[in-house]
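Notes follow the structure.
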Amino acid sequence: MLEYFRKIFDTDVCYLMDRQGKTLASSNWNSPSSFVNKNYGFRPYFKKAIEGEPYIYLAVGVTTHKAGIYYSCPVSGTESESPSGVVVIKDSVSELNKAVSRGEMGYMMLTGPHGVIFVTNHDKWRLKVLWQVEPGILSTIAQTGQFGKGPWNWTGVQHGEKNHAFDESGRIYSVLSAPIHQMPQWRLYFLQDVRGILDSLSVPLLKNAGYGAILFFLLIGISAYLLSRLRKRELTTIKAAHQSTRLQKAYLENLVDNMPEAVAIFDRTGNIERINRGFVEIFGYHENEALGRNISNLLAPPGREAEFP
């Protein structure tokens, strides 16, 4: 069933976790990098979802070692119950890579906590830190496990004056950035070679303002993409959670129905709400005879009903 959801949602992996973070089932169960029986309880996407909050998390997989977008959602039997587990959809970053590849006139990137570059159109910078950081920060990045095992080298880019930066070769960049409001500590950056802009644009007006408008609309486009994907995944993970709950309920009902022992489910007053096949075979009462009747009166020996309250 999880494989069915994976195909429908066109994602990498769908998996179901218990309250402790252990993977009970996964669409990649027959893969060498199967998630089944793996415990991901340390991941923030699990911690948030088990508290009842859908969550989006970008990271490098600890099992597959591949970058992905994780969409998690709590699984509950009813709205009043605390989550009994978490359903997760892991999507690839291929669409994000396509989005940043549009920055043909410069370096476009999406950075996470501490400036780690997660996706970019400049392959040599992927999983490096955009700005120089203190050695202690690298230890913090390593402890999270969010961006693999490192080493997260520095790109060599340094802050300049008035929204400019320069690299080790002395090349000057105009820097345009914007936060991702739905994802704290994540930012979009566009580093544009100033000399390259001036050399490529012949219209004086464009030299002064045109390239800024181009960069602005590129960043707006990526932000809109991330927001739309977040909303889509929230809906699909909720649907998957509801379907998973229905499957669990159907499985348990089928299990009880086929038990050889007699099983009856009744309300607080003792009135029977459900019986299984074993009950029918052992006591001889069919559903139309048993449902709604009090369990004590139904099973009491003739003439002794008053002794069974």
For the range 252-309, the count of residues that are modelled with pLDDT of 80 or more and part of a helix (DSSP H, G or I) equals 11
So the strands (runs of 3 or more DSSP E) completely within the range 42-155 holding 1 or more residues that are polar (S, T, N, Q) and either surrounded by 16 or more Cβ atoms within 10 Å (Cβ to Cβ) or in contact with a strand residue (DSSP E or B) (Cβ under 8 Å, 6 or more places away or on another chain) (or both) are 67-75, 85-92, 106-111, 117-120
Note: among SER139, SER72, SER94, just one is without any contact (Cβ under 8 Å) to a residue 12 or more places away in the chain and under 22 Å from VAL13 (Cα atoms), namely SER94
All-but-one check, ASN121 against (1) of a type outside the set (Asp, Glu); (2) outside the structural domain of TRP29 (by TED's automatic domain parsing); (3) under 23 Å from PRO184 (Cβ atoms), failing number (3)
Out of all the residues in the range 30-37, is one or more over 30 Å from HIS181 (Cα atoms), β-branched (Val, Ile, Thr), surrounded by fewer than 20 Cβ atoms within 10 Å (Cβ to Cβ) and in contact with a strand residue (DSSP E or B) (Cβ under 9 Å, 6 or more places away or on another chain)? yes
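The values are calculated or read from the model by the stated rules, or taken from the named source; none is laboratory data. For clarity, every value in this text was computed on a predicted model and none was experimentally measured. Heads up, the Cβs are rebuilt from the backbone with ideal geometry, glycines too, and the neighbour counts pull from every protein chain shown.
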